[in-house]
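The values are calculated or read from the model by the stated rules, or taken from the named source; none is laboratory data. Please read these numbers as outputs of a predicted model, since none were measured by experiment. When we count neighbours, we look across all protein chains shown, and the Cβ atoms used for this are built from the backbone with ideal geometry, even at glycine. These accessible areas exclude ligands, DNA and RNA; they are computed on the full protein's heavy atoms, side chains included. Shrake-Rupley method; radii C 1.70, N 1.55, O 1.52, S 1.80 Å.
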Amino acid sequence: MKIVMLGAPGAGKGTQAEMIAAKYGIPHISTGDIFRYNIKNGTDLGKEAKKYMDEGKLVPDELTVRLLLDRVAKDDCKDGYVLDGFPRTIPQAEVLTKELEKQDAKVDFAINVDVPDEDIVRRMGGRRACVNCGATYHVVYAAPKVEGVCDKCGSKLVLRDDDKPETVQKRLKVYHEQTQPLIEYYEKKGVLRTVDGTRDLHEVFADIAAILEQN
Ligand code: ADP
Ligand code: ADP
Ligand code: ZN
């Protein structure tokens, strides 16, 4: 099963993708996580991506596409995957469609996690990310067992640089201009499913699981 998560930054794509991956035994692939991993390790890719990420801009398609195609070519992706944060532009979606066509495959579901901008700004201020493993928490809605400490690996939790309010506004603008058109793109392909992302994260997941088990 090949799944694409759509939605604004902070809509809960990563949270839901993680639960989908755990339940269905497929890898959760987040381009943002891959970029952050490269930044942490000081790679050339990380240095290049950071310039854009800090500004709330998208990393250029060419770089992003190359990275994603390398990742989905790995062995663990044979039975499918859940993409979180890719595609984010129409050209990225077209590359993915073409690549899958070569393998006689397609995106089975594009899950649009729908959350209005007002809620997004509130959520991002409370998001905390693990500096080591990238796990995501929220100070109120998804709190770790011990404040400031990752449940999974015990490392420190921080507010991401790009989750500061000014950058969040820029990212929302970029989302509306460049990423939102993907909703129509996948609707035309007949694979779009929209869920109300404003509810409790377990309720949102129940809706998604029902969609994935539909056929
Ligand atoms: P969020 O989960 O809040 O939407 P991500 O972790 O997905 O954030 O992405 C963080 C940043 O990484 C983005 O603002 C963008 O700069 C960059 N990025 C991630 N995925 C892509 C992509 N597919 N295309 C271009 N830039 C990307
Ligand atoms: P995205 O990957 O779309 O950027 P995340 O999954 O990182 O979004 O979620 C953004 C923030 O909101 C995180 O702090 C997360 O813990 C929290 N969150 C996720 N889903 C919900 C929900 N349904 N209700 C409230 N907070 C949520
Ligand atoms: Zn961790």
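Averaged per residue, what accessible area in Å² does the chain show with a 1.4 Å probe, protein chains only?
Working: 11210 Å² over 215 residues.
Per-residue value: 52 Å².
Could you give me D for the chain, from Stokes-Einstein at 10 °C and 1.306 mPa s, where the hydrodynamic radius is the Kirkwood radius over C-alpha pairs? Units µm² s⁻¹, please. Please list the in-between numbers first.
On the way: Rh = 17.6 Å.
In µm²/s, the coefficient is 90.
Work through the residues other than Asn112 whose Cβ is under 14 Å from its Cβ and net out their charges, Lys, Arg +1 and Asp, Glu -1. Before the final figure, lay out the partial values.
Working: positive: Lys13, Arg88, Lys188, Lys189, Arg193; negative: Asp84, Asp114, Glu184, Glu187, Asp196, Asp207.
Neighbourhood net charge equals -1.
Below 13 angstrom from the Cβ of Asp54, what's the summed charge of the other residues (Lys, Arg +1; Asp, Glu -1)? It would help to have the intermediate numbers written out before the result.
On the way: positive: Arg36, Lys47, Lys50, Lys51, Lys57, Arg160, Lys164, Lys170, Arg171; negative: Glu48, Glu55, Asp161, Asp162, Asp163, Glu166.
Here the count lands on +3.
Could you pull out every residue, at least 5 positions away or on a different chain, whose amide H is within less than 5 Å of the one on Tyr81? Hs are placed 1.01 Å off N in the peptide plane, and Pro or chain starts have none.
Here the answer is Lys2, Ile3, since their amide H atoms fall under 5 Å of that of Tyr81.
Taking the chain as a Gaussian network, Cα atoms linked when under 10 Å apart, which of Lys74, Lys106, Lys57 shows the biggest mean-square fluctuation?
Lys74
Tell me whether segment 31-98 comes out rounded, prolate or oblate; compute the Cα gyration tensor, take square roots of the eigenvalues as a ≥ b ≥ c, and use a/c under 1.5 as the rounded threshold. Spell out each step's value before the answer.
Values: a/c = 2.19, a/b = 1.38, b/c = 1.59.
Note, shape of segment 31-98 comes out oblate.
Using the structure shown, select from Lys106/Lys152; Lys98/Lys164; Lys23/Lys57; Lys13/Lys40 the pairs with a Cα to Cα distance greater than 29 angstrom. Don't skip to the end; give the middle numbers.
On the way: Lys106/Lys152 33 Å; Lys98/Lys164 36 Å; Lys23/Lys57 32 Å; Lys13/Lys40 22 Å.
Beyond 29 Å: Lys106/Lys152; Lys98/Lys164; Lys23/Lys57.
For a label point 7 angstrom out from the Cα of Glu177 toward its Cβ, which stretches of segment 1-26 have the backbone nitrogen within less than 16 Å?
9
Springs between alpha-carbon atoms under 10 Å, Gaussian network over the chain: tell me which of Gly25, Gly80, Gly197 tops the mean-square fluctuations.
Most flexible of the set in this elastic network: Gly25.
Could you grab the relative contact order for the chain? Cα pairs under 8 Å, six or more apart, rounded to a whole percent. If you can, show how the numbers build up before the last one.
Working: 309 pairs, mean separation 63.9, N = 215.
The value is 30 percent.
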